[in-house]
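The next block holds one structure in the form of structure tokens; read it before the comments.
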Amino acid sequence: MSHILLNTYYNYIDANLHLMQLQEEGINCWLKDEHTVTIDPLLTNAIGGIKLMVHETQKERAQDLLRTIINKAKENRACPYCGSLNVEYIVSNRKPSNWFSALFTYLIGGYPLAAEQIYHCFNCGKEFEEVKQAPSDPSVVPKQ
């Protein structure tokens, strides 16, 4: 059996959720480098993250299913400021606590401390801690 790369993740939760959803649809897939990234997060960028591998004969179907899964997840997130669905859950570099954690970790040479993750809207540029349910009618824009 030959498996090929379908997607890469830097978060093991997203990787496992997508793995399970594809397996429920009968896709033959597995996660490469999951244990390495989970045990030593510092190696995430060095090894290229967690790789979702899929059997080459199921590549097109898996791509379609994964695209549908990701788009459906995006439809459930809306920016509370502009109503955009172009929202992602990211590690914020704007908070002073994250910069302090990075500096402290660099000085002691240990593992990185957990940085705060927040939602970021790529349309208006605002960051927020909770998303609201996207409107069922896309023409409805929430009040600011």
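The values are calculated or read from the model by the stated rules, or taken from the named source; none is laboratory data. What you see is a predicted model, and the numbers here were worked out from it, not measured in a lab. Glycine gets a Cβ as well: all are built from the backbone with ideal geometry, and neighbour counts include every protein chain shown.
Just one of the numbered conditions (1) at pLDDT below 90; (2) assigned to a strand (DSSP E or B) is not true of Leu6: (1). All of Thr105, Thr36 fail the test of being modelled with pLDDT of 80 or more and surrounded by 12 or more Cβ atoms within 10 Å (Cβ to Cβ), apart from Thr36.
Restricting Gln23, Gln63 to those that are out of contact with any Cys (no Cβ under 8 Å at 6 or more places or on another chain), at pLDDT 95 or above and either assigned to a helix (DSSP H, G or I) or hydrophobic (A, V, I, L, M, F, W, C) (or both) reduces the list to Gln63. Taking the stretch 1-39 as the range and being among the acidic types (Asp, Glu) and without any contact (Cβ under 8 Å) to a residue 40 or more places away in the chain as the test, the residues that pass are Asp14, Glu24, Asp33, Glu34. Looking only at residues in the stretch 39-58 that are among the charged types (D, E, K, R) and under 17 Å from Ile13 (Cα atoms), the one that is surrounded by the most Cβ atoms within 10 Å (Cβ to Cβ) is Lys51. Considered as a group, the residues in the stretch 66-88 that are small (Gly, Ala, Ser) and either part of a strand (DSSP E or B) or touching a Phe, Trp or Tyr at 6+ places or on another chain (Cβ under 8 Å) (or both) include one that is surrounded by the most Cβ atoms within 10 Å (Cβ to Cβ), and that residue is Ala78. Within the stretch 26-40, the set of residues being closer than 20 Å to Arg61 by Cβ and in a loop (DSSP other than H, G, I, E, B) comprises Gly26, Ile27, Asn28.
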